[in-house]
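First up is the structure itself, then whatever we jot down about it.
The values are calculated or read from the model by the stated rules, or taken from the named source; none is laboratory data. If you're wondering where the values come from, they're calculated on a predicted model, not measured in any experiment. As a convention, Cβ positions derive from the backbone with ideal geometry for all residues, glycine included, and neighbour counts pool all protein chains shown. Side chains are part of the model used for accessible areas, which takes the heavy atoms of the whole protein and leaves out ligands, DNA and RNA. Shrake-Rupley method; radii C 1.70, N 1.55, O 1.52, S 1.80 Å.
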Amino acid sequence: MRRTRLGLVTGGTFKTGLGVRLDADCTTEDLRVGEMVVIEGASNRYFGMITDMQLQATDPRLLASPPEAGSTLLAQALTGTVNYATVEVKPMLMLELKADLDEQRGPGPVRTIPMHFAALRKASAMDFDTVFGKEGGTNFAVGTPVPMDIPIRLRLDRFVERSNGIFGQSGTGKSFLARVLLCGVIRTRAAANLIFDMHSEYAFDKQTEDGHFVRGLRDLFGPQILVYSLDEGAAARRNVDVTLAVGLNQIEAEDIMLLADELDLTSTTAATAGLLGDQYGKEWLRQLLAMSADDVAEFCQSSGAHPEATRALQRKLRGVQRRAYLKEEAPFSLIDEMVAALGRGRSIILEFGRFDNPLDYMLVANIVTRRIRRLYQQKMERFEETKAETDRPPQLVITLEEAHKFLNPAVASQTIFGTIAREMRKYNVTLMVIDQRPSGIDPEVMSQLGTRVTGLLTEERDIDAVFTGVGGRSFLRGALASLDTRQQVLLMGHAVPMPVVVQTRTYDEEFYRAVGSSGSWTEDREINATDIWGKKQ
Ligand SMILES: Nc1ncnc2c1ncn2[C@@H]1O[C@H](COP(=O)(O)OP(=O)(O)OP(=O)(O)O)[C@@H](O)[C@H]1O
Ligand SMILES: [Mg+2]
């Protein structure tokens, strides 16, 4: 049998973790900071994480005159006797070992520590199953523990019920991991998804940094995914179901305040939008765009608005008005149909095509989400009245790339996304925010994120941000620092019983086979656009 014992507990405290002396034949190089390990106590089994390693010597004189380089025999003789290594282990979960198996429950929070000389061992496949659950239901393998080839499963039902974050520097694999997770959510039907796909990378084939092509969600799931696009040109070239148009009537003053930076508006100019909103209500933007110089003067007189600011706002918004997707008037029915499709368990990807700049992205994402939120709120209120299961709106996850644009401290209190992150769980809508710079996101929003998935971060501010509101953060810093620059993440929070470092699942042919509904989706695709809308779009 493979030797799995690593060492014995020799000290430690409940608060700071345990010190374990490694066995003579176990070297620090076989272990990894962030690795999950198991300590066998007398009546409890502890699941913990290696948080630090130290080299020790019983005789300090040895350190003053170490053996010559090259005298390996001497070094070997000393190892485990005079010099030895210890690791620090922070227990994260505890399983009571009861004689009666029926009584045995799953692992729970740690309440004690083991006594001296409890054995530390490597975690086995069974230990991972005990902690992270077995295959089935909404448990979904997201990757493997770094040194081993064993699946680590996320509880997707828990993952979708609160807002989540995926963080990491550019190129760490956030968007790829988001696809893996979305595939899991779609496959296990844990939730419907709305994906704001700023760079058109989720729906169809996409080239990786390594140069080969990977399949998009529409390619994998066919008619279960609806693709919307803002760009009629791209929509004609690609297999898009609906070209989305937005009306001037749908733009609220709040949207313009959110875009103050993108439009390069001064605070007075942005505030003018609010004054116009007060005066003209829903018609504010059309009124402003149609105003003559005299009208502007008259408006400023009656509202107290600043004339120069009003003219500047008019100029800027006339520029925005020329966008091809912006119509004089658009009905809300297009967005309402999205909600109906989501309600039937479909997922929607909204591509931006050539409108892939922050201004269009923020404007449209905000309008669409505000409407969806309104409808979900109504549905939820209805469900609370009737208590009929059929009225319960299905869980919706909104995936948002470049999340800091909507959730930075300056705007998070005003945007609909900020509202959702803070309170929307009660309407069955949650966010999956994806961002390179967690420090750019409002700390209040960060502290609301249930599950955090984080790839390598090097900026101190980002590391602090990602641990906002996480207990035991000092133990997790080492694990975060130990990550590769790509495809490795630290998983922590609501959807995992304890933090763990994971090599994320590779998004390739094998993965498609495991999750996809490969087969005859091409034929279904025709039906799809017809059955949802009653007519082909
Ligand atoms: N799970 C994965 N399966 C296959 N390839 C991956 C995976 N994760 C990362 N990669 C590789 O790493 C590259 C970068 O990943 P990705 O585009 O997801 O990074 P990102 O974190 O979203 O970066 P950015 O912040 O710049 O958007 C991919 O093009 C791909 O080659
Ligand atoms: Mg990305």
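Figures for the structure shown
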read-out: Residues (within 13 Å of ligand 2 (Cβ to nearest atom), of a type outside the set (S, T, Y), open to solvent by 10 Å² or more (accessible area, probe 1.4 Å) and over 15 Å from D435 (Cβ atoms)) located in the range 177-206; value: E201, K206
read-out: Candidates V433, V470, filtered to the one that is open to solvent by less than 70 Å² (accessible area, probe 1.4 Å) and either in the same structural domain as G168 (by TED's automatic domain parsing) or at pLDDT 95 or above (or both); value: V433
read-out: Which listed residue, of A465, A479, is in contact (Cβ under 8 Å) with a residue 24 or more places away in the chain, more than 16 Å from ligand 2 (Cβ to nearest atom), touching a Leu at 6+ places or on another chain (Cβ under 6 Å) and open to solvent by less than 30 Å² (accessible area, probe 1.4 Å); value: A479
read-out: Single unsatisfied condition, G345 versus (1) away from ligand 1 (no atom under 16 Å from the Cβ); (2) part of a helix (DSSP H, G or I); value: (2)
read-out: Residue match in the range 305-321 (condition: farther than 21 Å from E252 by Cβ and touching a Cys at 6+ places or on another chain (Cβ under 7 Å)); value: yes
read-out: Residues located in the range 140-153, provided they are under 22 Å from the mean Cα position of the chain (by Cα) and either in contact (Cβ under 8 Å) with a residue 24 or more places away in the chain or in the same structural domain as G184 (by TED's automatic domain parsing) (or both); value: F140, A141, V142, G143, T144, P145, V146, I152
read-out: Subset of the range 114-155 (residues that are on the phi > 0 side of the Ramachandran plot and assigned to a loop (DSSP other than H, G, I, E, B)); value: F117, G133, G137
read-out: Selected residue (only one of G281, G274 is on the phi > 0 side of the Ramachandran plot, without any contact (Cβ under 8 Å) to a residue 24 or more places away in the chain and part of a helix (DSSP H, G or I)); value: G281
read-out: Residue count for the range 268-321, restricted to those that are at pLDDT below 90, charged (D, E, K, R) and open to solvent by less than 80 Å² (accessible area, probe 1.4 Å); value: 1
read-out: Of residues in the range 156-176 being in a loop (DSSP other than H, G, I, E, B) and more than 13 Å from ligand 2 (Cβ to nearest atom), the one surrounded by the fewest Cβ atoms within 10 Å (Cβ to Cβ); value: R162
read-out: Residue match in the range 67-84 (condition: modelled with pLDDT of 90 or more and in a strand (DSSP E or B)); value: yes
read-out: Any hit, the range 243-259, residues being more than 16 Å from ligand 1 (Cβ to nearest atom), open to solvent by 10 Å² or more (accessible area, probe 1.4 Å), in a loop (DSSP other than H, G, I, E, B) and within 16 Å of E351 (Cα to Cα); value: yes
